[in-house]
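The values are calculated or read from the model by the stated rules, or taken from the named source; none is laboratory data. What you see is a predicted model; the values in this text were computed from it and never measured. Note: ideal-geometry Cβ built from the backbone for every residue, glycine included; neighbour counts use all protein chains shown. We work out accessible area using only protein heavy atoms, side chains counted, and drop any ligands, DNA or RNA first. Shrake-Rupley method; radii C 1.70, N 1.55, O 1.52, S 1.80 Å.
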Amino acid sequence: MNSYFMHNLSYALGSIKRTVEESSKSDTFSSIKLLRSSGFENHHIADESESVLDLAIKAVEPIREKLNKLDSIIWASCLPENATIGSRQEFEKTKDVKPLMDYPASRLQTHLRVPEAIVLGLGQQACTSMLGSIRVACGLLATEDNFNNILCITSDRFPKGAKYEQAYNLISDGAACCIVSREEKEFRILGSHHITNGSAVQANDEETAAVYFTYMNRIVNEILNKFNMTIDDLDWIVPQNINHNAWKILSRVLKIDLEKVYFEPMKDVAHCISGDNIINLKHLNERKIIESGQILLCLMAGYGLNWQAMLIEKVE
């Protein structure tokens, strides 16, 4: 069985940093007290001129010299409108749909000067789309013998006028990326699992919160069973950046030490849409406390409703 690896994690946030107090005046639904008690302190908003392509370029730049020969770019979007940087106004004026197909992934390919890389777009998985892109990348490597390096990237920003809160969580605009390759480096990808409950696609915040614990417990148990592991085999859980009180409950339900759940960046990064796992994993890795051979579980939930999980092993 072939092994694939993820490495060179990177991310970028919107250029405007705001505190909970500043954003509560007009950009959130919930009170300062609720957001603070949920573990949020700051978040980041893209400038009006800052597109999803700009955020993606900022995320990729720190690892650009390490990209080597790219065989593919997989662009993952949470919000459907972030899958294009085209002009709706131009379409309205000309009635030509081409402006709606100005794909940021194609622009990124040109920016990186990697004409040999094919471009794929992934959507309709909400906040889980980054984990989905990594799973797709592994599938490509398994079927394309000549593919070696794939850039997985997610980039999203809320539209002008949006409230920067979803399901009682503070949101940041931003992008995150990693390389998935055959090179044995940083993290071995052991496997993935995905659940979709399409009947709940339009669930409101209260309904989403109500099913969150049930489905999160379910996906953890299903992926562990799928790969013949138990909760005791996990050394770390790398979750998305949601209300930290949720993990006080989940850690008891799952019977795992809360100290093994790493979401320390949340207070300053907030919930960066699909990028949380990459952001948190990067920070955890840079602390030099993950030992070779340790097993980590990345978890994400998103509207749709989707839940995704990925098991990885530290290899260096």
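Which FRET efficiency value, to the nearest 0.05, is calculated for Glu61 and Phe29 with the Förster distance at 30 angstrom and r the Cβ-Cβ distance? Calculated transfer efficiency: 0.30.
Calculate the translational D of region 1-79 in whole µm² s⁻¹ from Stokes-Einstein, where the hydrodynamic radius comes from the Kirkwood formula applied to all Cα pairs, the temperature is 25 °C and the viscosity 0.890 mPa s. All intermediate terms of the calculation are to be shown ahead of the outcome.
Values: Rh = 15.6 Å.
After rounding, the answer is 157 µm²/s.
Dipole size of region 69-143 about its Cα centre, with +1 on Lys/Arg Cβ and -1 on Asp/Glu Cβ: approximately 60 debye, rounded to the nearest 20.
Regarding the chain, what whole-number volume in Å³ per residue does the convex hull of its Cα atoms give?
It comes to 138 Å³ per residue, whole-number rounded.
Over all other residues within a Cβ to Cβ distance under 14 Å of Leu250, the charged ones net out to +3, with Lys and Arg as +1 and Asp and Glu as -1.
With 0.36 nm allotted per residue and the present C-alpha distance subtracted, the Asp102-Glu291 stretch has 63.7 nm of extension available. For region 239-290, the spread of Cα positions along the three principal axes, ordered from largest to smallest, is 27, 25, 16 Å.
Could you list the trypsin sites (Lys or Arg not before Pro) in region 15-105 that lie in coil according to DSSP, counting only those with at most 15 other Cβ atoms within 10 Å of their Cβ? The partial results should precede the final answer.
Numbers: sites: Lys17, Arg18, Lys25, Lys33, Arg36, Lys58, Arg64, Lys66, Lys69, Arg88, Lys93, Lys95; in loops: Lys25, Lys69, Lys95.
Taking region 15-105 and a limit of 15 other Cβ atoms within 10 Å, the loop trypsin sites (Lys or Arg not before Pro) found are Lys25, Lys69, Lys95.
Across region 1-154, C-alpha contacts under 8 Å between residues 6 or more apart give a mean separation that, scaled by the residue count, equals a relative contact order of 26 percent. Its relative contact order, with pairs defined as Cα atoms under 8 Å and 6+ residues apart, puts region 131-230 at 25 percent. Between Glu183 and Glu48, the simple spin-label model (points 7 angstrom out along Cα→Cβ) gives 4.2 nm. Within the straight-line cut-off of under 28 Å between alpha carbons, the lysines reachable from Lys25 are Lys17, Lys33, Lys160, Lys163, Lys267, sequence neighbours fewer than 8 places apart in one chain being disregarded. Projecting label points 7 angstrom from Cα along Cα→Cβ for Val201 and Ser15 puts them 3.7 nm apart.
Using the 1.4 Å probe convention, the accessible area of the chain works out to 45 Å² per residue with neighbouring protein chains retained.
Relative contact order for the chain using alpha-carbon pairs under 8 Å, separation at least 6, rounded to a whole percent?
Numbers: 685 pairs, mean separation 82.8, N = 316.
Dividing the mean separation by the residue count of the chain yields 26 percent.
Antiparallel versus total DSSP beta bridges in the chain: what percent is that, nearest 5?
Values: 41 of 56 bridges.
In the chain, approximately 75 percent of DSSP beta bridges are antiparallel ones.
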